[in-house]
Amino acid sequence: MDLRGKRFQMDIDLQVRIAAFNWLSEQVNSYGDVLSRKLLEQGFEFQGQRIPLVAPQGIFKPQILELPISITTAPKGHYDDYFGKDNFLIYRYRGKDLNHRDNVGLRKVFELRRPLVYFHGIDPGKYLAVWPVYIVDDDSNNLSFKVAVDELSSLEMTTNAPAQIGDNSYARRAYLTATVKVRLHQRSFRERVLDAYQSQCAFCRLRHRELLDAAHIIPDNLPNSQPTINNGIALCKLHHAAFDSFMLGITPDYIIKVRADILTEEDGPMLRQGLQGIHNAKLLLPSSQRYWPSKEALEWRYDRFTQAA
């Protein structure tokens, strides 16, 4: 949803926030939803001024605004931000001073129901951007804010009234925030697996990262699945689909196998080179042995491959 055409009666604060959301939408369309810190530090231009969206501090206010525009959870950072049992994000105060200007700024954002951007660090220098998010509670006793994701249509309801959540809004925001939590885990898994394989398909060595996935050996919808690198393999989209369909298997000794009926088919070059040609090839492995696929997980998966065959 592009908000440029919306006719809001809005102040400069809300104009900058909407410009930030539109700019982030363009970056995600160009680069995917994991964005580099360098890009976010550079930011966008608004009325002749450069507006960055992140800085070393987690709660960030650009010079043009009086209130924060973004909050960030750094990868391996000092603050233990987490998702609570109600699925909302618990975001820690900056330090322990309730009256620190950053904490006061977020408290004002809460009171005015102003939307923010949330940047979640996936890996050093890589962030998943989520917007709009709202501060929905201020827990000074535990030095934390509660943060919820909402839809872009919520901007039309932004007012200067105190923030309140009705039953419908609460349920909607809880659901949206829960889906973001799943996305964060998926993207984190993908980035870590692709980095371990140096952005190459482990079957065919294709190096275009935008065409690569992190495939689970034990599927992530099973209780014994773990979001660890050794339960993942970097695969191009073709080989990921073939692996998930049990057309391809991997022995516990890291040898690629093609299902027997696929080997006997006659078709074009994609079948011959993309599938049949990798039968009995050695799996490309990460340079660090601690990231190699788990032999136990491969054995579990290969049993199911042989049953499908």
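Values in this text are rule-based calculations from the coordinates and carry no lab data. No experiment lies behind these values; they were computed from the predicted model shown. Glycine also receives a Cβ, built like all others from the backbone with ideal geometry; neighbour counts cover every protein chain displayed.
Of Met270, Met247, how do they rank once you tally other Cβ atoms within 10 Å and put the fewest first? Present the calculation step by step, with values, prior to reporting the outcome.
Details: Met270 10, Met247 18.
Ordered by Cβ neighbours within 10 Å, fewest first: Met270, Met247.
Among Leu106, Leu65, Leu98, rank each residue by its count of other Cβ atoms within 10 Å, from fewest to most, as a rough exposure measure. The partial results should precede the final answer.
Values: Leu106 25, Leu65 16, Leu98 12.
Placing the least packed residue first, the sequence is Leu98, Leu65, Leu106.
Considering only DSSP beta bridges whose two residues both sit in the chain, what percent are antiparallel, to the nearest 5?
On the way: 35 of 39 bridges.
Percentage antiparallel, nearest 5: 90.
Calculate how many DSSP beta bridges within region 30-150 are antiparallel, expressed in % of all such bridges and rounded to the nearest 5.
Taking every DSSP beta bridge with both residues in region 30-150, the antiparallel ones total about 85 percent.
With springs only between Cα atoms under 10 Å apart, run a GNM on the chain and tell me which of Gly43, Gly84, Gly268 wobbles the most.
Gly268
Which of rounded, prolate or oblate describes region 12-192 when judged by the alpha-carbon gyration tensor and an a/c cut-off of 1.5?
It is rounded, given that a/c, with a ≥ b ≥ c, falls under 1.5.
Rounded, prolate or oblate for region 15-108? Axes are the square roots of the Cα gyration tensor eigenvalues, ordered a ≥ b ≥ c, and the cut-off for rounded is a/c under 1.5. Write out the running numbers ahead of the final one.
On the way: a/c = 1.96, a/b = 1.32, b/c = 1.48.
Oblate shape, in that a/c is at least 1.5 and b/c is the bigger or equal ratio.
Just to be sure I understand, if you calculate Rg and Dmax of the Cα atoms in Å for this structure, which of (1) 18.3, 57; (2) 23.1, 72; (3) 20.5, 64 do you get?
Comparing each candidate, only (2) matches the computed number.
With springs only between Cα atoms under 10 Å, which of Leu283, Leu24, Leu128 fluctuates most in a Gaussian network model of the chain?
Checking each option, the largest mean-square fluctuation is seen for Leu283.
What lysines could a cross-link reach from Lys146, if we take a straight Cα to Cα line under 24 Å and drop same-chain neighbours fewer than 8 places away?
Cα-Cα hits under 24 Å: Lys61, Lys76, Lys85, Lys96, Lys108, Lys126, Lys181.
By count of other Cβ within 10 Å, fewest leading, how are Lys38, Lys108 ordered?
On the way: Lys38 9, Lys108 14.
Going from least to most buried by this count: Lys38, Lys108.
Going by a ≥ b ≥ c, the root eigenvalues of the Cα gyration tensor, does region 29-70 fall in the rounded group (a/c under 1.5), the prolate group (a/b larger than b/c) or the oblate group? Please report the intermediate quantities before stating the final value.
On the way: a/c = 2.29, a/b = 1.35, b/c = 1.70.
Judged from the Cα gyration tensor, region 29-70 comes out oblate (a/c at least 1.5, b/c at or above a/b).
Please compute the modelled spin-label separation between Lys96 and Glu266, points set 7 Å along Cα→Cβ, answer in nm with one decimal.
Each label point lies 7 Å from its Cα, and together they span 7.8 nm.
At 27 Å minimum axial length over the Cα atoms and a Kyte-Doolittle cut of 0.0, report the qualifying DSSP H helices in the chain, or say none.
Numbers: long enough: 12-31 (28 Å, 0.10); 167-196 (44 Å, -0.77).
Once both thresholds are applied, what remains is 12-31.
When the chain is fully extended, how far beyond the present Cα-Cα distance does Lys85 get from Ser288, taking 0.36 nm per residue of separation?
Details: separation 203, 0.36 × 203 = 73.08 nm, distance 3.58 nm.
Result for the pair: 69.5 nm of gain on full extension.
For the chain, set up a GNM with springs between Cα atoms under 10 Å and report which of Phe44, Phe88, Phe21 has the largest fluctuation.
Per the Cα network of the chain with a 10 Å cutoff, Phe44 tops the list.
Between Glu41 and Arg207, what is the FRET efficiency for a Förster distance of 22 Å, r being their Cβ-Cβ separation, to the nearest 0.05? Could you put the intermediate results ahead of the total?
Numbers: r = 27 Å, r/R0 = 1.22.
Using R0 = 22 Å, I get an efficiency of 0.25.
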